[in-house]
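For reference, the structure discussed in these notes is given below.
The values are calculated or read from the model by the stated rules, or taken from the named source; none is laboratory data. None of the values given here were measured: they were computed from a predicted structure. We place every Cβ from the backbone using ideal geometry, glycine too, and count neighbours over all the protein chains shown.
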Amino acid sequence: MRIPNPAVDGQLKGKVALVTGAASGIGRASALIFAQAGAAVVALDRAAEVEDTVAAIRKDNGRAVALCKDSSHEENIADAIDTAVREFGALDVCFANAGISGGLVPLHEQTPEHWLEVLTINLIGTFLAVKHAARVMAPRKRGSIICTASVAGLRSGAGGSPYSASKAGVISLVQTTADQLAGSGVRINAICPGLIETGMTKPIFDQARARGTDNKIGQLNPLRRAGAPIEIARTALFLASDASSYVNGQALAVDGGLSSSHPIVPPRIP
């Protein structure tokens, strides 16, 4: 039985949300908290575990539909948005979260094919979600589009070149789209997570634990720890809700303070 949470319950009452990359990590946490806040959820992911996300929502008497599809294909994302309208009557929130890391491949070993894969999923897939969400939101004069970018899109040092470029592109997409949607009532913003423990970053955490250095994970940010998917999901909930009604065209860093300074050697804690 779910324990009521006054800080969450009712914030999205009567709204309909699409979440891509909803099988795990940030996407799964966001789909769950959106449902807890009262939204009907369309959860999309190319991984079959998206069904588990929807099962968890339904177990708590929430409304949700699972779509096991690749969000970087236009027909899939268009169908997902049409499914939201058909099944639940509208689309109020679109969280374009799906993405891949692309790994840390040395510059001289990177190929056009590698770049194309990362850009297709992280940037073009996000563009397609934005395009089709705006298609149904703008006529209703309201809606919130949220995109997962990264602190890697703000400056170097937080990801490989293709990944960082794709996330910088997401930030630019958000800024330019906010201007293109002027007067429509549709808001669009990006979240720039720092180091969050998800399936994508699992190798980093596994290697640190194997070395016995997991206490150093996140040591470069002022909070000196990694983040959890739920901490990004709470930011997504804020941007999805009316609490952020005057926030538009922004890239919000949620990174423990990592992007607040230039690289430094942190002082020792006594």
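Report, by residue number, each residue of the range 70-80 that is surrounded by fewer than 24 Cβ atoms within 10 Å (Cβ to Cβ), in contact (Cβ under 8 Å) with a residue 24 or more places away in the chain and part of a helix (DSSP H, G or I).
Across the range 70-80, the qualifying residues are GLU74, ASN76, ALA78.
Can you tell me which residue in the range 201-230 is nearest to ALA22 (Cα to Cα), limited to those that are out of contact with any Asp or Glu (no Cβ under 8 Å at 6 or more places or on another chain) and at pLDDT 75 or above?
Taking the candidates together, the pick is ILE230.
Checking VAL174 against (1) under 16 Å from ILE191 (Cα atoms); (2) without any contact (Cβ under 8 Å) to a residue 24 or more places away in the chain, which single condition isn't satisfied?
VAL174 satisfies every listed condition except (2).
Restricting attention to the range 40-51, does a residue exist that is under 22 Å from SER245 (Cα atoms) and either in contact (Cβ under 8 Å) with a residue 12 or more places away in the chain or of a type in the set (S, T, N, Q) (or both)? Walk me through it before giving the result.
Within the range 40-51, the first condition is being under 22 Å from SER245 (Cα atoms), and the residues that meet it are 40-41.
With the extra rule that they be either in contact (Cβ under 8 Å) with a residue 12 or more places away in the chain or of a type in the set (S, T, N, Q) (or both), the set shrinks to 40-41.
Yes, some residue in the range 40-51 is under 22 Å from SER245 (Cα atoms) and either in contact (Cβ under 8 Å) with a residue 12 or more places away in the chain or of a type in the set (S, T, N, Q) (or both).
Name the residue that is modelled with the highest pLDDT, counting only residues in the range 150-165 that are closer than 19 Å to GLU109 by Cβ and part of a loop (DSSP other than H, G, I, E, B).
If we take residues in the range 150-165 being closer than 19 Å to GLU109 by Cβ and part of a loop (DSSP other than H, G, I, E, B), then GLY160 is modelled with the highest pLDDT.
When the residues of the range 81-99 are filtered to those that are hydrophobic (A, V, I, L, M, F, W, C) and part of a helix (DSSP H, G or I), which remaining residue is nearest to the chain's Cα centre (by Cα)?
Among residues in the range 81-99 that are hydrophobic (A, V, I, L, M, F, W, C) and part of a helix (DSSP H, G or I), the one nearest to the chain's Cα centre (by Cα) is ILE81.
Is there a residue being in contact (Cβ under 8 Å) with a residue 60 or more places away in the chain, under 22 Å from THR126 (Cα atoms) and touching a Lys or Arg at 6+ places or on another chain (Cβ under 7 Å) anywhere in the range 92-107?
Within the range 92-107, one or more residues are in contact (Cβ under 8 Å) with a residue 60 or more places away in the chain, under 22 Å from THR126 (Cα atoms) and touching a Lys or Arg at 6+ places or on another chain (Cβ under 7 Å).
Go through the range 245-270 residue by residue and tally those that are out of contact with any helix residue (DSSP H, G or I) (no Cβ under 7 Å at 6 or more places or on another chain) and modelled with pLDDT of 95 or more.
3
Counting only residues that are part of a loop (DSSP other than H, G, I, E, B) and of a type in the set (A, V, I, L, M, F, W, C), which one in the range 10-47 is surrounded by the fewest Cβ atoms within 10 Å (Cβ to Cβ)? I'd like the intermediate steps shown before the answer.
Going through the range 10-47, the residues part of a loop (DSSP other than H, G, I, E, B) turn out to be 10-15, 21-24, 37-39, 46-47.
If we keep only those that are of a type in the set (A, V, I, L, M, F, W, C) too, we end up with 12, 22-23, 37, 39, 47.
Numbers: LEU12: 25, ALA22: 34, ALA23: 24, ALA37: 22, ALA39: 29, ALA47: 16.
Within the range 10-47, the match that is surrounded by the fewest Cβ atoms within 10 Å (Cβ to Cβ) is ALA47.
Would you check if THR198 is modelled with pLDDT under 95 and within 30 Å of GLY143 (Cβ to Cβ)? First the steps, then the outcome.
Details: modelled with pLDDT under 95: yes; within 30 Å of GLY143 (Cβ to Cβ): yes.
Considered against the rule, which asks whether it is modelled with pLDDT under 95 and within 30 Å of GLY143 (Cβ to Cβ), THR198 comes out as yes.
Can you tell me which condition HIS132 does not meet? The list is (1) buried (at least 16 other Cβ atoms within 10 Å of the Cβ); (2) more than 23 Å from LYS15 (Cβ to Cβ); (3) under 19 Å from the mean Cα position of the chain (by Cα); (4) at pLDDT 95 or above, and all the others hold.
Answer for HIS132: the failing condition is (2).
Which residue, of GLN36, GLN110, is touching a Ser or Thr at 6+ places or on another chain (Cβ under 7 Å) and either farther than 20 Å from THR198 by Cα or among the charged types (D, E, K, R) (or both)? Explain how you work it out, then say what you get.
Working: GLN36 fails: touching a Ser or Thr at 6+ places or on another chain (Cβ under 7 Å).
The match here is GLN110.
Any idea how many residues of the range 48-69 are aliphatic (A, V, I, L, M), crowded, with 17+ Cβ neighbours inside 10 Å and in a loop (DSSP other than H, G, I, E, B)?
The number of residues fulfilling the criteria is 0.
Would you be able to tell me the number of residues in the range 34-86 that are in contact with a Gly (Cβ under 6 Å, 6 or more places away or on another chain) and more than 15 Å from GLY125 (Cα to Cα)?
Selection size over the range 34-86: 2.
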